[in-house]
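Visitor: The following block contains the structure, expressed as structure tokens.
Just so it is clear, none of the values below were taken in a lab; they were calculated from the coordinates. Quick caveat: nothing in here was measured; it's all calculated off a predicted structure. Glycine also receives a Cβ, built like all others from the backbone with ideal geometry; neighbour counts cover every protein chain displayed.
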Amino acid sequence: MTCDYKKGFADQTKEITVSSLEVEGVIPDWLSGTLVRNGPARFRLEGKTLNHWFDGLAMLHKFDIANGHISYANRFLDTPALRAAKDGKMKYGEFATDPCRSLFKRITQVFTGSTSGANANVSIGKIAKEFVAQTETPLPVAFDVDTLKTIGIVSYSDGLKGNLTTAHPHQDQGDQFNYLLSFGHKSTYNVYRLSDGSKKRQLIGSYSTGRPSYMHSFGLSQQYLILMEFPLVVNPISMLVRGKPFIANYTWKPERGTRFSLVDRQTGEVRYAHTDEAWFGFHHVNAFDNNDHSKIDLDIIVYPDADVVQYFYLNSLLNKRNQEAYPKNELRRFTIDVPAGTVSSRRLVDHSAELPRINYEQCNRKTYRYVYANGIARQGESAFLDTVVKFDLTGDVKEWRQDGQYPGESVFVARPDARSEDDGILLTVVLDSTANNSYLLLLDARDLSEIARASVPQHVPFGFHGAYIRS
Ligand code: CO
């Protein structure tokens, strides 16, 4: 097993601007826009390595594509977490690292969010007119897309409160959807809608639970928001007093099975469905209803347990010998019978993958055919995501891979006047572990053939999610 992927977890503290990257191949004339990506770029603070991949300090990366040329710039997100780090301090709790020893401080951090480091290192979104970096604390950080300069934490003009959210809001016809989880003796999921141009979230519906689940994303169908509550659960009260980092408070309780909570997008009414099977996952892929909304198909990449959370600890990722391979997962379709509250499921693809994307503009909450993701070359052997995969849900799998190359999430950009769902380009930042730098790779989404690559003169650490903004 090769372990050269570890360079993807090396700090990148150099902020640079390159007006024209060296390009191999020909950039299509029609491709004109900006790819902005988010991810951690600094994993070492106070002379120590942070605990987890998800803990690193947020950096934005930008590729402007126009007239066959590509420019690049990167900048740290200027947050309280970054400013503390510049003073040589780890001051705020992250996903799996928590320097906070005082009970009082913990309570204020967890329950107000106001003293959070706002290290929004997961994804890129838009609130009103501003682009934002997002994470799972509900503190999106606005930035200027031309300069990558941080504007500041977005204040909503509503009274909705909560401690946790997802960095994966869904979009549908000018609205975005997400939820806020409010911790308490009984914790409450508040599902909301945010209209285009607005900073006022409107509550759609709420429900309470004694043991909230760790969920990184959720599903959206025409009729419902679907929260797939995995049995990785927390007792919020003991979280306050145990002094452990955030995710270390969650425990895997497979005997609980998996609950699906369906919040009606119009009425806010909540229905539930349940399966005795225990599943865990990060990324929903797509969801859609049948004609009378009595059945929902929900596609998600699932693991048989939550061990993958442990796998992403830096201690584990950086110290692997030959024995540990990337945890096995699969793309699975859960079919929910809404009136009956029952769930059946079947495997769509038996090929481990992460960071899935679809042709979202065309296929979100509709039947669809193609999924783009990062896969692993050798099941049971590869230690980290090392291929671009395309799943055709009618059965075919296509791959792009080269020795020593580690691609990140692939963002699909449709060709103007596209003739098919997959008529477009995938934009993927790839770590070249042999050259110790990264490049933006352009693949034809139809067959994953290479169109071009543009070299960045330094490495881009492994990040999470990006967005393509059309010019
Ligand atoms: Co994600």
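Visitor: List the aspartates and glutamates whose alpha-carbon lies under 20 Å from that of K86, not counting same-chain residues fewer than 8 positions away?
Guide: Partners found: D11, E15, E46, D55, D78, E94, D98.
Visitor: I need D78, D299 ordered by Cβ neighbour count within 10 Å, fewest first. Walk me through the numbers before you get to the answer.
Guide: Details: D78 18, D299 23.
Sorted ascending by nearby Cβ count, the order is D78, D299.
Visitor: A further question follows. Return F54, F312 ranked ascending by Cβ neighbour count within 10 Å, so the fewest neighbours appear first. The partial results should precede the final answer.
Guide: Values: F54 25, F312 18.
If I rank by nearby Cβ atoms, fewest first, I get F312, F54.
Visitor: Which whole-number percentage describes the relative contact order of the chain, with Cα contacts under 8 Å and a sequence gap of 6 or more?
Guide: Values: 1252 pairs, mean separation 67.4, N = 471.
After rounding, I find 14 percent.
Visitor: Above 23 Å lies some portion of the pair distances; for region 117-233, what is it as a whole percent of all C-alpha pairs?
Guide: Of all Cα-Cα distances in region 117-233, 27 percent exceed 23 Å.
Visitor: With respect to the cross-link table entries K62/K149; K6/K91; K62/K129; K129/K199; K62/K398; K14/K126, which display a Cα-Cα separation exceeding 20 Å?
Guide: Working: K62/K149 12 Å; K6/K91 26 Å; K62/K129 18 Å; K129/K199 9 Å; K62/K398 28 Å; K14/K126 26 Å.
Check vs 20 Å cut-off fails for K6/K91; K62/K398; K14/K126.
Visitor: Still on this structure, I have one more. From Cα pairs below 8 angstrom and at least 6 apart in sequence, can you work out the relative contact order of region 339-471, rounded to a whole percent? Don't skip to the answer; put the middle values down first.
Guide: On the way: 267 pairs, mean separation 23.3, N = 133.
Value for region 339-471: 18 percent.
Visitor: Give me E22, E330 ranked fewest to most by other Cβ atoms within 10 Å of their Cβ, as a rough exposure proxy.
Guide: Fewest-to-most Cβ neighbours within 10 Å comes out as E22, E330.
Visitor: Report, in deg cm²/dmol and to the nearest 500, the calculated mean residue ellipticity at 222 nm for the chain, where each DSSP H run with n ≥ 4 adds -39500 (n - 2.57) and the sum is divided by the residue count. Working shown, then result.
Guide: Numbers: 6 runs with 38 residues, N = 471.
Value at 222 nm, helices only: -2000 deg cm²/dmol.
Visitor: Follow-up. Compare the peptides 427-439, 270-282, 220-232 by average per-residue count of other Cβ atoms within 10 angstrom and give them in order, highest first.
Guide: 220-232, 427-439, 270-282
Visitor: Sort the chain into rounded, prolate or oblate with this rule: let a ≥ b ≥ c be the square roots of the eigenvalues of the Cα gyration tensor; rounded if a/c is under 1.5, and if a/c is not under 1.5, prolate when a/b is larger than b/c, oblate otherwise.
Guide: Note, shape of the chain comes out rounded.
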